[in-house]
Structure formats: C-alpha cells, structure tokens
Amino acid sequence: MAGKIVIDPVSRIEGHLKIEATVENGVVKEARSSGMMYRGLENILLGRDPRDAARIMQRVCGVCPTSHGLAAAFALDELYGVQGNITDNGRILRNLIQGANFVQSHILHFYQLAALDYVDVTAVADYSGSDPTLNKVRDFIGRGHLGPFVPRYEGDYRLSKEENRLAVAHYVEALNMRRLAHEAVAIFGGKMPHNMSIVAGGATAAPTLDKIASFLWKMEQLTDFIDTVYLPDVLMVARRYSDYFGIGAGCKQYLSFGVFDMDSDPDLTKRQRYLPQGIVRGSELKLRRIDPGKITEEVESSWFAANGPVHPYDGQTVPDRDKAGAYSWVKSPRYDGEVMEVGPLARMLGAYVTGNREVKTMVDGVLGQFHAGPEALFSVLGRHAARAIETKLVAERLKEWVLQLKPGEPTFTPFGLDVTSRGMGLHEAPRGALGHWVVAEGGKVKNYQAVVPTTWNAGPMDAKGQPGPIEQSLIGTKVKDEKNPFELVRIVRSYDPCLSCAVHVVTPAGEDLGRFVVG
Ligand code: NFE
Ligand code: MG
C-alpha cells in the first residue's frame, strides 16, 4: 500500500509551508518540504545605503526581527571596520534586546504553536469550575468554532482532563507573558516588532536606571513563569508522549553560530559568546570549529536560476518559477557540503558538550527522568526540551547582564561611510543560525545575502540527493492514520519553522510569481 500525504499549508507555524510525504506500508519513504511563498528582501537592498540593512532586513519577519537587525549590524560592523570597537554598553544592549526576543519567541512556540499537538482543548467544553480563563475558553468553544485552536489531529491526545485544562489556562497566560517579553525588547529597542536601536557600531538606547529597573522587573516575572509553568508543562507533555524522544531525529548534525557576545573580538569566529559557535555531530558529541568559508547555498530543487553551490558573498536571488524539478522557494544551505540542523537543540548541544555546567545539570536532569542518554535529544521532544531549557538560561542571564549596563557611558562607536568593502554577520536567531553577508562599493550595497535558520532546516534536496533536515526527520516515520498525520506535524513543528524568514526573497514591481491552492 502506497499513498501520498499532502499537508498544505502546515498551520500554526509562521509562513507558508507544504509537506508531502510518500507513505508505504505505514512508513514515510520520501518527504518534501516546500516553501510556498516568494519574497525578496535581499534584492530590495541593492544600491542602498548599507546602514538601511539593519532596518529593512528586520522586515523579513515580525517574530525574529531583532535577529535580522543584529545580524545586519554585525555584518555592517565589519563593513565599516568597527567590529573590534563596540562599547560594553553597545554589546550588552544588543544582547538584552536579542535575549528578550528569544524568551518571547520560545514561549510563543511552545504554547501558541506546538502545544495543541498534545493538548486537547475540548477538555474545557464541560468545565464548571471558577477559573475565569477556563470559563472564557469554554464559552468561546461552546459557540461552535474552535478558532485559534485548530487544526486538531484526533486519535492521540494523552493528557488527563485536568492536565489538558491546566495547559489551556497556561496557553492563555502565555499570551500575557509574551506581551511582557515584547515590552522588555521595546525598553531598549524602542519598539517591537522591528526595533530601532540596534545599529552598526552598537546601539542607540540610553541605559538609564529606570529602564534597567523596568527590564529587570519584567524578567523576574518571566523567570517565575518559566520555572513554575513552562518547564513543568514541557515535562508533563514529555512524560505522556515519551515515545517522541525516539521520533523525528533527522540529520543528527548540528550547527550554531553562537550568540550573546561576551567580548568584541574583531573576528566573529573567535568572539566569546555565551552560547558557543560550532558544529556538533550526533556521532561524536564534540564541538568543532566553523570555517565560514565552507558555508554555501544551492538551488538545485529551488525555484531560482541555478548557480551551483556558492558562498553567500557570491550568492544570487533570481527567481525561476518554471524550473524543472524544483519544488520550493527555500534554498538549500550546506556546511562543507553537509546538511545541518540549526536551532535551540544545536545551541544546547554545543553548550552541553563544552561543559556548560548549568546546561549539563538541566539537560541531564531531564534525560534522567526518562532514563535516557544524550541520543534521546535528537528527537521531537529533544527540540522542545532544549528550547525550554534555553529560555530559562537566557532569562536568568538577562537579569545579570542588565545590571552590567553603565548609565552615562557611550553605546555607539562612530565610523566613516564611504566604504568599498564587505562584511559578514554570523549570529543566532531563536530558530537557529543566521548569517548576513554584505558587499558594498562606493558606500552603496552591491550584494546582500541572508542565510536563515528555517532555510537550513526546511530547505529541499540538494544536487547530491541529500534531503534537508525536516525532510530527513520525516523519512522513516510511522504514520498510524494517513487521514490524520499527527506524527508528521509534530515533527515539523518541533523545528519551529518560519517560512517568512526562510523565503525572504518580493520583486520590486510586486509581480505575481505564482498561484497556489491552499487546501
Ligand atoms: Ni521568522 Fe527567524 C528566527 C530568523 S527563522 S522567525 O528565529 O532568522 O528562519
Ligand atoms: Mg537568502
């Protein structure tokens, strides 16, 4: 028996992703991950003042704009030659803006995007207690539509009624927590989404005592939520669905560019970062250094004019919607020709194998509860656990870092504008490794390329026939009911894909590049 499962769009992610899985005798044999929307921000930058990149590139996405602002700023730091002269205030402000966004994004992912794969909201339908939130949700779903709580995948909801109700109440509370985290970004970022503060040469916000106190207070409330709600909820789901420690492994090769600068070493590959840079292979559990020269993108299976595997400095973004054999607007990034998974799991593995004590204690604590070894991390639940642990770590660090700001001291280092040069910004977004590469001539952008976390994770097959990480995670998965493929959506969502980011490439004239039926 062979059949094809098409999920289009995969909802409760950001952007437009289509998944196709060929299933034989109940097991996925082939899988295709397709980005179904063409954008084009890299091309918008051509001919502009390079400083615009730190504003325009944030428009890639409303979920992780801080990361694009910061990746652009890192690339521009190098372009303008100030990468070794970022002040402590500038460095810390960037970390605070970025870190508060991580906290928001991870809470968003677990509750608003992923939780409903495991939590049955209909358990609230006959609620008769006094919790006002649950009463509101009961009345809402009692009107006959489940609104944001769909699609549901019947057949495998395993929490008890009480656990389901608790999780639904936390789903609503998480919205308030995300507001707090957004406000924390805006304290030093000016606004969220699309902060105005991260710029080449540092940051522009003035670190005043009232802002420091306000940021700290918000982080206190957030760490309380992470400790008492988010981490326990992830463990609750993990206990009921512990088989998902063995599902969705994927390529088992992990790449991180590192994040949260601890110094301003001019070489981004030497800079001390709180979460380290490097590659971890599941087979050896060691952190290996990265050579950024080995990063390439190719378009073998993407709707772009072919130019082979090329380094991003030489990359092009030329759409070709009629290309034979192509099936995605996402390109295929590779490191030294190899497929790499990026994201919180990659970062936590990097910290784990380099002996970060806190990470080791937390990761071993979770694995110990399930009598599992580190290989259990290469899984759907491994990704959720890594994300939750990272949220806790980052929120705790933010409370320390904000107290290191120096009110009254400079946040920004000036530079000259007439450059013919280039710059690389390697950095981590909540969803993983993010790189921006800029080439300028006579003070104007000549080329701009971004290689984005979801491009790594959701990219299609390359010329060597290697499927992308999400595709590899799907292949080999057992599907119980082809009409109700909950296993597949759980795998896809564990990556927290964002297709707005992955397909960041709009034609200036707004040309209609293709029409797709969304079924
Ligand atoms: Ni649109 Fe993004 C993050 C970036 S994902 S969310 O995190 O960069 O590819
Ligand atoms: Mg790109």
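The values are calculated or read from the model by the stated rules, or taken from the named source; none is laboratory data. Bear in mind the structure is a predicted one, so any value in this text is a computation, not a measurement. Cβ sites come from the backbone with ideal geometry, for glycine too, and all protein chains shown count toward neighbours.
Anything in the range 363-385 that is among the aliphatic types (A, V, I, L, M) and part of a loop (DSSP other than H, G, I, E, B)? List them, or say none. Result: ALA372, single match. Of the residues making up the range 386-424, those that are within 23 Å of ALA206 (Cα to Cα), assigned to a helix (DSSP H, G or I) and of a type in the set (A, V, I, L, M) are VAL394, ALA395, LEU398, VAL402, LEU403.
Taking the range 1-39 as the range and being among the hydrophobic types (A, V, I, L, M, F, W, C), more than 15 Å from GLU471 (Cβ to Cβ) and part of a strand (DSSP E or B) as the test, only ALA2 passes.
Yes/no matrix, rows are residues, columns are (1) at pLDDT 95 or above; (2) touching a Cys at 6+ places or on another chain (Cβ under 9 Å); (3) within 15 Å of ASN176 (Cα to Cα); (4) crowded, with 16+ Cβ neighbours inside 10 Å:
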{"residue": "TRP217", "(1), (2), (3), (4)": "yes, no, yes, no"}
{"residue": "LEU222", "(1), (2), (3), (4)": "yes, no, yes, yes"}
{"residue": "PHE225", "(1), (2), (3), (4)": "yes, no, yes, yes"}
{"residue": "VAL229", "(1), (2), (3), (4)": "yes, no, yes, yes"}
{"residue": "PRO232", "(1), (2), (3), (4)": "yes, no, no, no"}
{"residue": "VAL237", "(1), (2), (3), (4)": "yes, no, no, yes"}
{"residue": "GLY246", "(1), (2), (3), (4)": "yes, no, no, no"}
{"residue": "GLN253", "(1), (2), (3), (4)": "yes, no, no, yes"}
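LEU108: outside any loop (DSSP other than H, G, I, E, B), surrounded by fewer than 24 Cβ atoms within 10 Å (Cβ to Cβ) and among the hydrophobic types (A, V, I, L, M, F, W, C), yes or no? Show your work before the answer.
On the way: outside any loop (DSSP other than H, G, I, E, B): yes; surrounded by fewer than 24 Cβ atoms within 10 Å (Cβ to Cβ): yes; among the hydrophobic types (A, V, I, L, M, F, W, C): yes.
For LEU108, the condition - outside any loop (DSSP other than H, G, I, E, B), surrounded by fewer than 24 Cβ atoms within 10 Å (Cβ to Cβ) and among the hydrophobic types (A, V, I, L, M, F, W, C) - is met.
Restricting to the range 304-332, name every residue that is surrounded by fewer than 16 Cβ atoms within 10 Å (Cβ to Cβ) and either in contact with a Leu (Cβ under 9 Å, 6 or more places away or on another chain) or among the β-branched types (Val, Ile, Thr) (or both). Result: VAL310, VAL318, ARG321.
Out of all the residues in the range 408-420, is one or more within 16 Å of ligand 1 (Cβ to nearest atom) and touching a strand residue (DSSP E or B) at 6+ places or on another chain (Cβ under 9 Å)? No, the range 408-420 contains no residue that is within 16 Å of ligand 1 (Cβ to nearest atom) and touching a strand residue (DSSP E or B) at 6+ places or on another chain (Cβ under 9 Å). What's the number of the only condition in (1) under 30 Å from ASP52 (Cβ atoms); (2) within 15 Å of ligand 2 (Cβ to nearest atom); (3) under 23 Å from the mean Cα position of the chain (by Cα); (4) at pLDDT 95 or above that PRO430 fails to meet? Exception for PRO430: condition (2).
GLY40 falls short on exactly one of the conditions (1) closer than 30 Å to GLY443 by Cβ; (2) surrounded by fewer than 20 Cβ atoms within 10 Å (Cβ to Cβ); (3) modelled with pLDDT of 95 or more, and that condition is (3). Number of residues in the range 443-459 that are more than 11 Å from ligand 2 (Cβ to nearest atom) and assigned to a loop (DSSP other than H, G, I, E, B): the value is 1.
For the range 267-281, state whether one or more residues are crowded, with 23+ Cβ neighbours inside 10 Å, in a loop (DSSP other than H, G, I, E, B) and touching a Leu at 6+ places or on another chain (Cβ under 7 Å). Yes.
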